[in-house]
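Below: the structure, in structure tokens.
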Amino acid sequence: MEGSDDSVFKARLTKMLSASKLVKSIHYFESIDSTQDYANSLPHDKSLHGTLIVAKNQKMGKGRIGRSWISPHGGLWMSIVLVPDFSINNLLFTQFIGALAVAEAINEITEISCRLKWPNDVLIDGKKVCGILVDVNLESEKKTIILGIGLNANVESSLINNSINCDFKATSLKEEYGNDIDLVDITDSIINKIEYYYYNLLRTGKSTEILDRWKQQSDIFKRRAIVYDGTQKFSGEVIDLDNNGSLIMRLDDSSIKKIIYFNNVSFS
Ligand code: BTN
């Protein structure tokens, strides 16, 4: 494989991320079932912090709430393991960090402005270009987080939209930008931004900057939404995010309800 696109990709990625404070090691796969499952299968201790798993394609990519995630060649499929020292309340902030980092990296490289949809979608023109999956492992001695990022970079969105598992309208960066995106450049940019927000949160213990920036890039507020919490269905208007990143809604009976990450929400 020497000199192949894959080895060049890996070598460039390793070189670019060698300056990163966050990434300590890179596991690279041409093909894997799921970078998220692979990260989950590693022994979870402090030494895993900063492990980045990148794959060119996933055969069994995982989406949120048990969905599958179509991951053909050309996309950016990666998971990064974080072993933070911050409070458990902050663990789910990593999903906001992930979405913000991707939106800002896309803007830096293509000048396209993305919008964010709670809890984890990055949209261009109302179509999903990236999803974020956060797995939190509370059992190991150190709490570990696996931040999974699925970016439809250089893929044909029809492959995703034609899949029976797709319940949203997808797009790809290549289709929106009109050109292929350099996967190493965009990975580097995303990692730099995750690093910035992550160490800020760690240093200050404050999530205000992350939430404020997230809110500025989202248009879910004042919109109607339907929430499924597994057994019940609610509808109402989105009014805010609380300090933990949960969604605050005013339901149709005027009661206020807090919606957590694990609920399924659709916005109209
Ligand atoms: C979503 O449902 O919006 C989240 C999708 C997350 C997909 C990424 S791709 C890399 C990582 N590995 C997986 O199996 N899933 C996440």
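Values as computed for the structure displayed
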| quantity | calculated |
| --- | --- |
| Subset of the stretch 19-46 [away from the ligand (no atom under 13 Å from the Cβ) and either within 18 Å of residue 199 (Cβ to Cβ) or within 17 Å of the chain's Cα centre (by Cα) (or both)] | 19, 20, 21, 22, 23, 24, 46 |
| Residue list for the stretch 47-63, filter: open to solvent by less than 10 Å² (accessible area, probe 1.4 Å), in contact (Cβ under 8 Å) with a residue 40 or more places away in the chain and more than 8 Å from the ligand (Cβ to nearest atom) | 52, 54 |
| Members of the stretch 1-33 that are among the polar types (S, T, N, Q) and free of Cβ contacts under 8 Å to residues at least 40 places away in the same chain | 4, 7, 14, 18, 25, 31 |
| Subset of the stretch 171-184 [touching a helix residue (DSSP H, G or I) at 6+ places or on another chain (Cβ under 6 Å) and either within 18 Å of residue 30 (Cα to Cα) or not in a helix (DSSP H, G or I) (or both)] | 171, 172, 180, 181, 184 |
| Filtered residues of the stretch 128-147 (kept if farther than 20 Å from residue 191 by Cα and modelled with pLDDT of 95 or more) | 128 |
| Residue list for the stretch 241-268, filter: of a type in the set (A, V, I, L, M) and out of contact with any Gly (no Cβ under 7 Å at 6 or more places or on another chain) | 241, 247, 248, 256, 259, 260, 265 |
| Sole exception among (1) assigned to a loop (DSSP other than H, G, I, E, B); (2) more than 22 Å from residue 39 (Cβ to Cβ) for residue 153, by number | (2) |
| Subset of the stretch 1-41 [of a type in the set (A, V, I, L, M, F, W, C) and either at positive phi or in contact with a Ser or Thr (Cβ under 7 Å, 6 or more places away or on another chain) (or both)] | 1, 13, 26, 39 |
| Selection count, the stretch 64-81, where residues are open to solvent by less than 10 Å² (accessible area, probe 1.4 Å), within 17 Å of residue 95 (Cα to Cα), within 7 Å of the ligand (Cβ to nearest atom) and not aromatic (Phe, Trp, Tyr) | 2 |
| Single residue of the stretch 119-132 satisfying the filter (surrounded by fewer than 23 Cβ atoms within 10 Å (Cβ to Cβ) and hydrophobic (A, V, I, L, M, F, W, C)) that is nearest to the ligand (Cβ to nearest atom) | 123 |
| The lone exception for residue 236 - which of (1) small (Gly, Ala, Ser); (2) without any contact (Cβ under 8 Å) to a residue 40 or more places away in the chain; (3) open to solvent by 30 Å² or more (accessible area, probe 1.4 Å) it fails | (3) |
| Residues located in the stretch 174-190, provided they are of a type outside the set (Phe, Trp, Tyr) and either open to solvent by 10 Å² or more (accessible area, probe 1.4 Å) or farther than 25 Å from residue 37 by Cβ (or both) | 174, 175, 176, 178, 179, 180, 181, 182, 183, 185, 188, 189 |
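Here's the yes/no breakdown for (1) modelled with pLDDT under 90; (2) among the hydroxyl-bearing types (Ser, Thr, Tyr); (3) more than 20 Å from the chain's Cα centre (by Cα):
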| residue | (1), (2), (3) |
| --- | --- |
| 163 | yes, yes, yes |
| 190 | no, no, no |
| 209 | no, no, no |
| 221 | no, no, yes |
| 226 | no, no, yes |
| 268 | yes, yes, yes |
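The values are calculated or read from the model by the stated rules, or taken from the named source; none is laboratory data. This one's a predicted model, so the numbers in the text were calculated from it and none came from an experiment. Every residue, glycine among them, receives a Cβ derived from its backbone with ideal geometry; neighbour counts consider all protein chains shown. Heads up: the accessible areas ignore ligands, DNA and RNA and are worked out on the full protein's heavy atoms, side chains in. Shrake-Rupley method; radii C 1.70, N 1.55, O 1.52, S 1.80 Å.
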